[in-house]
1. Being under 16 Å from L183 (Cα atoms) and of a type outside the set (S, T, Y) is the filter here, so list the residues in segment 74-92 that pass it.
2. Give V175, V185 a once-over and let me know the one that is open to solvent by 10 Å² or more (accessible area, probe 1.4 Å), modelled with pLDDT of 90 or more and out of contact with any Cys (no Cβ under 6 Å at 6 or more places or on another chain).
3. Would you check which residues across segment 89-117 are surrounded by 18 or more Cβ atoms within 10 Å (Cβ to Cβ) and polar (S, T, N, Q) and list them?
4. Across segment 50-79, what is the number of residues that are more than 15 Å from I205 (Cα to Cα) and either open to solvent by less than 20 Å² (accessible area, probe 1.4 Å) or assigned to a loop (DSSP other than H, G, I, E, B) (or both)?
5. I'm trying to understand the selection: among the residues of segment 123-167, which are among the β-branched types (V, I, T), under 19 Å from V86 (Cα atoms) and in a loop (DSSP other than H, G, I, E, B)?
6. If only one of K156, K203 is of a type outside the set (S, T, N, Q) and closer than 21 Å to D138 by Cβ, which one is it?
7. Here is a check on your reading of the model: is V157 β-branched (V, I, T), at pLDDT 95 or above and open to solvent by less than 50 Å² (accessible area, probe 1.4 Å)?
8. I'm trying to understand the selection: among the residues of segment 187-216, which are among the small types (G, A, S) and assigned to a loop (DSSP other than H, G, I, E, B)?
Amino acid sequence: MTRTAPGVAAVVTALLLGVTGCGNNAGATVGTVQTPAAKSSGAAVQKAPKSALAGLVVLPRGYVADPRSAAGPFTATTFLSNWSAVPAVDRALLLNAGFADGYRASRVSADKKKQFTVQLFKAASAAKAETLQQGFWDQDTHEHSFGVPGALSDAKVQYDGGTGQSEAIAEVSFVVNTLVVQLSVRQASALGTDPEPDTALLKAIARQQRARLATSNS
């Protein structure tokens, strides 16, 4: 998931989600495992090597390819160039984790209102993967977990200074063996409206993604 650098986005409204399970949006229908196209719309990612992680990604049913966001396999260099909000910090995290391979897929809902992103990072060991996961997670403030078993989760609404809109964000991060999984779904709307993070979608995707990785490892 692409993180927002500290100070760039000021939180306007914190939804009181806690562990109440709010956000049961209609977009929570999840399909079977799909393999996203490895072709990227970004030149930097096009140069990255092919990744065995592509076949492990789970995507939501009804969502389509997002032409606005580069996707595909990535190296440390392409990740830092394209998606890192704090490259110096992330460079150290990836180096310490023995980062070996990464994959990113981005999709939008049929009505183009929601953007779903999944990122996989392969570390040198399970312990290093857990350290990498926590290092990424600690770069943002997370106060409203929505109770995904065995995972870190957060849901919030914040002001996007770049677009002048409110943005509802749901995020989940978990580790399966040496893989760090980051999931997010975002929805922008005009100020004064009340967008709701789609926590139901991420709960469903997280469950299927974990099962897919567990099956692959077995």
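1. So the first thing to find is which residues in segment 74-92 are under 16 Å from L183 (Cα atoms), and the list is 79, 83-84.
Correct list: F79, W83.
2. Values: V185 fails: open to solvent by 10 Å² or more (accessible area, probe 1.4 Å).
After applying the criteria, what remains is V175.
3. Across segment 89-117, the qualifying residues are S106, S109, Q115, T117.
4. 16
5. Going through segment 123-167, the residues among the β-branched types (V, I, T) turn out to be 131, 141, 148, 157, 163.
Remaining after also requiring under 19 Å from V86 (Cα atoms): 131, 141.
Matches in segment 123-167: T141 only.
6. On the way: K203 fails: closer than 21 Å to D138 by Cβ.
K156 is the lone residue from the list that is of a type outside the set (S, T, N, Q) and closer than 21 Å to D138 by Cβ.
7. On the way: β-branched (V, I, T): yes; at pLDDT 95 or above: no; open to solvent by less than 50 Å² (accessible area, probe 1.4 Å): yes.
For V157, the condition - β-branched (V, I, T), at pLDDT 95 or above and open to solvent by less than 50 Å² (accessible area, probe 1.4 Å) - is not met.
8. Pass one, segment 187-216, residues among the small types (G, A, S): 188-190, 192, 200, 204, 206, 211, 214, 216.
If the condition is that a residue be among the small types (G, A, S) and assigned to a loop (DSSP other than H, G, I, E, B), then A190, G192 are the ones that fit.
The values are calculated or read from the model by the stated rules, or taken from the named source; none is laboratory data. Model, not experiment: these values are computed from the prediction. Neighbour counts are summed over all protein chains in view; Cβ atoms, including those assigned to glycine, are modelled from backbone coordinates with ideal geometry. These accessible areas exclude ligands, DNA and RNA; they are computed on the full protein's heavy atoms, side chains included. Shrake-Rupley method; radii C 1.70, N 1.55, O 1.52, S 1.80 Å.
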